[in-house]
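Only one structure is covered here, and it is reproduced in the block below.
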Amino acid sequence: MSTSFSGQPLFDTANYLEDLSDFHCHPSIPTFLASLPQPLIILRDDYEISRQFLMKYADVPGTFSRFRGEVQRFLNYLWVTTKRTLVQTDADVVTAYFKTLKNPPRSWIARGVFSAFTHANGLRLPNPQWRPFALRSSDENAVYNASQASLNASRTALQTFFKYLVYQQYLLTDPLNDLRRRDRRAKPQLAKDLEVAVRRLTDWQWSWLLETLVTEADQNPKCERHLFVIVTMKSLFLRVGELAPRPLEDGAERIPVFGDFRRKVIQGEQYWSYFVFGKGDKARSVTLPDAYLPYLKRWRAYLDLLSPMPDPGDHHPVLPSTHGTALGKRQVQRIYEQAVMFAVARMEEAGFVDEARQLEAIRSETHYLRHTGASQAIESGADIRHISEELGHASAAFTESVYVNSDQARKRFEGRERKV
């Protein structure tokens, strides 16, 4: 392995993916490809199929960012270190790559997070400070350590990438299939905290956000949509894309409509549920908390719909656009970000400057609402198996590994109350 970094960033932000089809804004990329020993025509094919893969996730900011980072890191390793191409990727290459993820060369690690490209004279140029790995610590003596969570994220991204390549018949088999479990494990970190923090809002942050949006909506009817989106995503454990149209295999779109809210009766008691057509084209049903119903009624009243609650077969979009269709993922994402910034501004006005900065730092992390709703439900005593089903997880064991449960919370609160 060379002592200097001889790779370079390969994919720009989602806004530039179309431009990367001919590199007219990114002249450094074809120059880089031509400098490699592999046949240029094959490298160009590798690049284009990878760009097409990332295009599928361009409208999902969080997923796109993770997949882009992993794909360009893997291609740098594949092309520069192993001198191979995607077609030549096998289990040995992937195994060696995961060893590199655990212990990357120092020249491949940046101290801090840097953008991949910079803008100059109408062109996008590679940032010389960018590296495939980033050490996010201000401690000069800090050493890069891959967490188990980051290794799992890498495996998920590559698994999705390789499945796409197999589906497109670019690869015959998935090289991840033969990766041994131990090669996917992080190195033991005896000095590290073994508990994984859930990316969720604190109860105080959630209360502040909800109170802010209720106040905003009371004063300005245009903020009713912000209130409804935030409360719905949090209360029903929804991903941002589950409130927006989703493409189907036949080319049509599946739009969330009010008919997806369904009244049911069990043992003589009425309850409401929401039908979700979610990630991976998996359907699930989420029970509506009674405390959520007033917000649903409020939103329908704002839309001037005839009945307070939806009727069967109600085909009005849950989030209608001004053009009579439905809001897309990016628009829902933008509503979330605007709602968070309402709360940030109110915190600043109240003198909670540090708290405002903390909330502002996660203004684009829509998963915080889903995690907050699930964590609060589990902590309040809900059966984790039921929450797992409503989250759409494959197993309750996975849910328990991701979310803070009531036992963990009780242990910490009891620990705080111990006497000295």
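The values are calculated or read from the model by the stated rules, or taken from the named source; none is laboratory data. Keep in mind that what you see is a predicted model, and the values were worked out from it rather than measured. Glycine also receives a Cβ, built like all others from the backbone with ideal geometry; neighbour counts cover every protein chain displayed. When the accessible area is computed, the model is the full protein with side chains, heavy atoms only, and any ligands, DNA or RNA have been set aside. Shrake-Rupley method; radii C 1.70, N 1.55, O 1.52, S 1.80 Å.
Assorted remarks:
- Residue-level analysis places VAL60 outside the set of residues that are modelled with pLDDT under 95 and within 23 Å of SER6 (Cα to Cα).
- Within the stretch 233-279, considering residues that are of a type in the set (S, T, N, Q) and closer than 25 Å to THR372 by Cβ, the one surrounded by the most Cβ atoms within 10 Å (Cβ to Cβ): SER235
- When residues of the stretch 362-388 are limited to those that are open to solvent by 30 Å² or more (accessible area, probe 1.4 Å) and part of a helix (DSSP H, G or I), the one farthest from LEU209 (Cα to Cα): ARG385
- Within the stretch 50-88, restricting attention to residues that are within 28 Å of THR366 (Cβ to Cβ) and of a type in the set (Ser, Thr, Tyr), the residue that is nearest to the chain's Cα centre (by Cα) is THR63.
- Within the stretch 1-49, considering residues that are more than 29 Å from the chain's Cα centre (by Cα), of a type in the set (Gly, Ala, Ser) and part of a helix (DSSP H, G or I), the one surrounded by the most Cβ atoms within 10 Å (Cβ to Cβ): SER28
- Residue satisfying all of: in the stretch 1-28; hydrophobic (A, V, I, L, M, F, W, C) and in contact (Cβ under 8 Å) with a residue 24 or more places away in the chain; nearest to THR85 (Cα to Cα) among these: LEU10
- Counted as qualifying within the stretch 75-154 are the strands (runs of 3 or more DSSP E) with 1 or more residues that are modelled with pLDDT of 90 or more and touching a helix residue (DSSP H, G or I) at 6+ places or on another chain (Cβ under 7 Å), namely 123-126, 133-135.
- Some residue of the stretch 156-170 being on the phi > 0 side of the Ramachandran plot and either free of Cβ contacts under 8 Å to residues at least 24 places away in the same chain or assigned to a helix (DSSP H, G or I) (or both): yes
- Verdict on LEU165 being at pLDDT 90 or above and surrounded by 14 or more Cβ atoms within 10 Å (Cβ to Cβ): yes
- Matching residues, the stretch 241-253, being at pLDDT 90 or above and touching a helix residue (DSSP H, G or I) at 6+ places or on another chain (Cβ under 6 Å): LEU243, ALA244
- Flag if PRO221 is surrounded by fewer than 18 Cβ atoms within 10 Å (Cβ to Cβ) and in contact (Cβ under 8 Å) with a residue 12 or more places away in the chain: yes
- A single member of ASP59, ASP92 is surrounded by fewer than 15 Cβ atoms within 10 Å (Cβ to Cβ) and among the acidic types (Asp, Glu), and it is ASP92.
- Whichever residue in the stretch 198-218 is in a helix (DSSP H, G or I) and among the polar types (S, T, N, Q) and, among such residues, is surrounded by the most Cβ atoms within 10 Å (Cβ to Cβ): THR212
- If you go through the stretch 280-291 and keep only what is of a type in the set (D, E, K, R) and either at positive phi or surrounded by 12 or more Cβ atoms within 10 Å (Cβ to Cβ) (or both), you end up with ASP281, ARG284.
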